[in-house]
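Written below as structure tokens is the structure these notes are about.
Read the figures in this text as sums done on the coordinates, not as results from a lab. What you see is a predicted model; the values in this text were computed from it and never measured. Note: ideal-geometry Cβ built from the backbone for every residue, glycine included; neighbour counts use all protein chains shown.
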Amino acid sequence: MRKKIVAGNWKMNTTPAEGVELAKGVAEGKKEVCECVNFIVCPPFTHLSEVVKVTRGTGIAVGAQDCATEAKGAYTGEVAASMIASLGVEYVILGHSERRQYYGETSETLNKKMAQAYANNLTPIYCVGESLEERKAGKHFDVCKAQIEEVVFNLTPEQYSKLVIAYEPVWAIGTGETATAEQAQEIHAYIREVLASKFGEAAAETPILYGGSCKPSNAAEIFAKEDVDGGLIGGAALKAEDFLAIGKGF
Ligand code: PEP
């Protein structure tokens, strides 16, 4: 049985105080959602410490949105995986399309970040996905395959066993445009096939989340698909009510 996960990527939104209220709201409402759903909230770095405190004992896990490529040292503005982990954070989003697009993250960078995450016991939520041009050109399978081969294939089987993947078509992120449930299933099944070609049966246990304008009105249809194990949620994660309603999609 694969883990069902609903993860919220808050991006660069909320003040620390608002973030704490949001996390408390999720913790409060979680009782009405199936216990089978694993909720993760990923606030900005500045909120992590307080959000860990208010979610402790509620069953909600906390993730960061990124980590540094290096362990420590003269890297102004960077935050090391060890610093994040020391707060009680369990997950880290890596390879989000906004980081690839706006901050030039490459597979080379991501291999280093993955190594830092694993060295500090953080579980990566590794994002893959194609742009609109790539989708239109029918290259979406190849793009996702390359993003996996160049990074995930470098993991040891033990590291791989902890990995979470998020498929996020760039054209569906923050645009209101969602992949259809069929499109999501098609590529999730393909991604699992690619993973299986390297890691064998372990691929059947890897949670693959869908991300891209996922909301209460479309979550259930997408989550019903065999290879979709939950969602990475952006905009709709900023309202506890909507985030929880997405969890009810299972
Ligand atoms: C995201 O950026 O991870 C995301 C899925 O955003 P949104 O839900 O707002 O499209």
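Place a label point 7 angstrom from the Cα of Tyr102 along the Cα-to-Cβ direction, then list the residues of the stretch 205-244 whose backbone nitrogen is under 15 Å away. Those under the cut-off are 234-235.
Sorted into 10 angstrom bins from 0, the C-alpha pair distances of the stretch 157-250 split as 18, 48, 27, 7 percent.
Full-extension gain between Thr76 and Cys36, please, as 0.36 nm times their residue separation minus the C-alpha to C-alpha distance. Walk me through the numbers on the way to the answer.
Numbers: separation 40, 0.36 × 40 = 14.40 nm, distance 4.06 nm.
That pair, Thr76 and Cys36, stretches by 10.3 nm at full extension.
Subtract the Cα-Cα distance of Ala196 and Glu21 from 0.36 nm times their separation in residues, and report this length gain in nm to one decimal.
Values: separation 175, 0.36 × 175 = 63.00 nm, distance 4.07 nm.
Value of the extension gain: 58.9 nm.
For the cross-link pairs Lys112/Lys248; Lys31/Lys136; Lys11/Lys162; Lys72/Lys136, the ones whose C-alpha atoms lie over 32 Å apart are Lys112/Lys248; Lys31/Lys136; Lys72/Lys136. For the pair Arg56 and Asn13, the difference between a 0.36 nm per residue extended length and the Cα-Cα distance amounts to 13.3 nm. Measuring spread by the Cα atoms of the stretch 4-247 yields a radius of gyration and Dmax of 16.7, 47 Å.
With N counted as the residues of the stretch 1-146, its alpha-carbon radius of gyration over 2.2 N^0.38 Å works out to 1.11.
In deg cm²/dmol, rounded to 500, what helix-only [θ] at 222 nm does the chain give when every DSSP H run of at least 4 residues adds -39500 (n - 2.57) and the total is split over its residues?
-11500 deg cm²/dmol
Mean-square fluctuations from a GNM of the chain, with a 10 angstrom spring cutoff on Cα atoms, peak among Pro124, Pro157, Pro216 at Pro157. Of all aspartates and glutamates in the structure, the ones whose alpha carbon falls short of 20 Å from that of Lys24, not counting any fewer than 8 places away in one chain, are Glu32, Glu35, Glu50, Glu90, Glu241, Asp242.
Once you compute Rg and the Kirkwood Rh from C-alpha atoms, what is the Rg to Rh ratio for the stretch 60-104? List each step's numbers first, then the result.
Values: Rg = 11.3 Å, Rh = 11.4 Å.
When Rh is taken as the Kirkwood radius, the ratio is 0.99.
Give me the percent relative contact order of the chain, please, defined on Cα pairs under 8 angstrom at least 6 residues apart.
On the way: 492 pairs, mean separation 55.8, N = 250.
This gives 22 percent for the chain.
The relative contact order of the stretch 171-245, computed from alpha carbon pairs under 8 Å that lie at least 6 residues apart in sequence, is 35 percent.
Where nothing but the Cβ of Lys and Arg (+1) and of Asp and Glu (-1) is charged, how large is the charge dipole of the stretch 26-181 around its Cα centre, in debye to the nearest 20? Intermediate results must be reported in sequence, preceding the final value.
Working: 14 positive and 20 negative charges, 55 e Å.
Dipole about the Cα centre, nearest 20: 260 debye.
Highest mobility in the GNM of the chain, judged by mean-square fluctuation with C-alpha springs under 10 Å and restricted to Thr175, Thr14, Thr55, is found for Thr175. Checking every one of the GluC sites (Glu not before Pro) in the stretch 162-250 against DSSP loop status and a limit of 16 other Cβ atoms within 10 Å picks out Glu177, Glu226.
Where Rh is the Kirkwood radius over the Cα pairs of the stretch 82-208, the temperature 4 °C and the viscosity 1.567 mPa s, what D in µm²/s does Stokes-Einstein return? All intermediate terms of the calculation are to be shown ahead of the outcome.
On the way: Rh = 15.0 Å.
Translational diffusion coefficient: 86 µm²/s.
For the residue pairs Lys4/Lys30; Lys30/Lys145; Lys30/Lys113, the alpha carbons lie more than 26 Å apart in Lys30/Lys145; Lys30/Lys113.
Grab the beta carbon distance between Ala115 and Ala204, set R0 = 30 Å, and tell me the FRET efficiency rounded to 0.05. Could the numbers behind the result be given before it?
Values: r = 25 Å, r/R0 = 0.84.
Calculated value: 0.75.
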